[in-house]
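Read-outs throughout are calculated quantities, based only on the coordinates presented, and are distinct from any laboratory measurement. Since we're looking at a predicted model, the values are computed, not measured. As a convention, Cβ positions derive from the backbone with ideal geometry for all residues, glycine included, and neighbour counts pool all protein chains shown.
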Amino acid sequence: GAGVSQSPSNKVTEKGKDVELRCDPISGHTALYWYRQSLGQGLEFLIYFQGNSAPDKSGLPSDRFSAERTGGSVSTLTIQRTQQEDSAVYLCASSLAGGGLPDTQYFGPGTRLTVL
Amino acid sequence: LAKTTQPISMDSYEGQEVNITCSHNNIATNDYITWYQQFPSQGPRFIIQGYKTKVTNEVASLFIPADRKSSTLSLPRVSLSDTAVYYCLVDSNYQLIWGAGTKLIIKP
């Protein structure tokens with residue numbers, strides 16, 4: 001079946017502009033994660049959705065970052081008033097179950113964001 | 001809260017066995033350890049998962065000693081295509097704690 005897809009694959013924007021990044025998880029997966037990965041660095045957790053529960057936003061770096069997940073499926077990560085330090089690859093992952101259970105995350109290919 | 005530590009990089013040669021160790025303090029009895037592999041310009045992908053003793057699948061083995069303060073990913077007979085970054089992940093008390101990743105370079 002289809003894996004996790006993300007769009008766009010690349011996004012170049014100017015400082016101060018807003019951007020929206022999209023994630024289509026694997027059908028039936030109830031958990032969805034967003035991560036940020038700067039060049040040559042590890043994964044930085046941003047936000048986690050599990051079913052109808054309130055999302056875990058503990059990893060969002062500032063109030064310029066927000067995310068929503070509509071209908072328990074597609075998710076959009078929005079970055080307002082982008083800054084150059086926001087440049088990174090944004091990865092989305094989905095899984096069958098949420099935290100606390102042994103689980104496997106399936107990652108999308110990521111969106112490479114460049115803020116000029 | 002658990003914290004994970006991995007070597008930043010490792011080198012090996014084709015055909016060798018490679019062992020990458022992840023240290024994790026304060027890990028609870030039921031916390032799972034998962035290893036992921038990441039190639040350039042791709043998202044990480046699952047390799048193996050376990051919470052005690054030894055787990056083996058078609059690509060790797062995972063060793064977790066009794067004290068569970070570390071875990072070791074073992075890759076048998078590596079090839080050039082195993083060059084990648086390897087991450088350990090501890091699923092601890094509803095928190096996901098990622099290691100910083102180990103860059104493995106396989107030489108001919």
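Rounded to the nearest 20 Debye, what is the dipole magnitude of chain B about its Cα centre when Lys and Arg each give +1 and Asp and Glu each give -1 at the C-beta? Show your work: numbers first, answer last.
On the way: 9 positive and 8 negative charges, 30 e Å.
The dipole magnitude comes to about 140 debye.
Evaluate the charge dipole of the protein assembly as shown about its Cα centre and quote only its size in Debye, nearest 20, assuming +1 on the Cβ of each Lys and Arg and -1 on the Cβ of each Asp and Glu. All intermediate terms of the calculation are to be shown ahead of the outcome.
On the way: 19 positive and 19 negative charges, 28 e Å.
Charge dipole, the protein assembly as shown, about its Cα centre: 140 debye, nearest 20.
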Next on the checklist: Explain nothing, just compute: Karplus ³J(HN,Hα) = 6.51 cos²θ - 1.76 cosθ + 1.60, θ = phi - 60°, for every residue of the stretch A:108-116 in order, whole Hz, x for Gly and Pro.
Outcome noted: x, x, x, 10, 8, 9, 10, 10, 8
Checklist entry - If you take the beta carbon distance between A:K15 and A:S38 as r and set R0 to 22 Å, what does 1/(1 + (r/R0)^6) give as a FRET efficiency, to the nearest 0.05? => result 0.85
Checklist outcome for this item: Plugging the Cβ-Cβ distance of B:S81 and A:L96 into 1/(1 + (r/R0)^6) at R0 = 30 Å yields, to the nearest 0.05, a FRET efficiency of 0.60
Checklist entry - Excluding B:W98 itself, what net charge comes from residues whose Cβ is under 13 Å from its Cβ, given Lys and Arg +1 and Asp and Glu -1? => result 0
Checklist outcome for this item: Expressed in angstrom and rounded, the centroid-to-centroid distance over alpha carbons for the stretch B:35-78 and the stretch A:50-84 is 30 Å
Checklist outcome for this item: In terms of the charge dipole of chain A, which places +1 on Lys and Arg and -1 on Asp and Glu at the beta carbon, the residue among A:T70, A:T82, A:A93 farthest towards the positive end is A:T82
Item to check | Table column - 3J(HN,Hα) (Hz), the stretch A:5-11, Karplus curve with 6.51, -1.76, 1.60, x for Gly and Pro | outcome: 10, 9, 8, x, 6, 9, 9
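Using a simple charge model, +1 on the beta-carbon of Lys and Arg, -1 on the beta-carbon of Asp and Glu, nothing else, what dipole does the stretch A:12-116 show about its Cα centre, in debye to the nearest 20?
Rounded to the nearest 20 debye, it is 120 debye.
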Item to check | B:N30 paired with A:S58, simple spin-label distance in nm, labels 7 Å along Cα-to-beta-carbon | outcome: 1.8 nm
Item to check | Phi to ³J(HN,Hα) by Karplus 6.51 cos²θ - 1.76 cosθ + 1.60 over the stretch A:17-25, Hz, x for Gly, Pro | outcome: 7, 8, 10, 10, 10, 10, 9, 10, x
Checklist entry - Which residues in the stretch B:66-84 place their backbone N less than 19 Å from a point set 7 Å from the Cα of B:K54 along the Cα-to-Cβ direction? => result B:66-78
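Beyond 27 Å, how much of the Cα-Cα pair distribution for the protein assembly as shown remains, as a whole percent? Display every interim value, and only then the final one.
Working: 8496 of 24976 pairs.
Result for the distance tail: 34 percent.
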Checklist outcome for this item: For the stretch B:5-69, the charge dipole (Cβ of Lys, Arg +1; Cβ of Asp, Glu -1; about the Cα centre) points to a positive end, and the Cα of B:N26, B:I48, B:S12 closest to that extreme belongs to B:N26
Checklist outcome for this item: Taking placed amide H atoms and a strict 5 Å upper bound, the residues 5 or more places from A:A67 or on another chain that come that close are A:T78
Checklist outcome for this item: Rg/Rh over Cα atoms for the stretch B:34-96, Kirkwood Rh, comes to 0.98
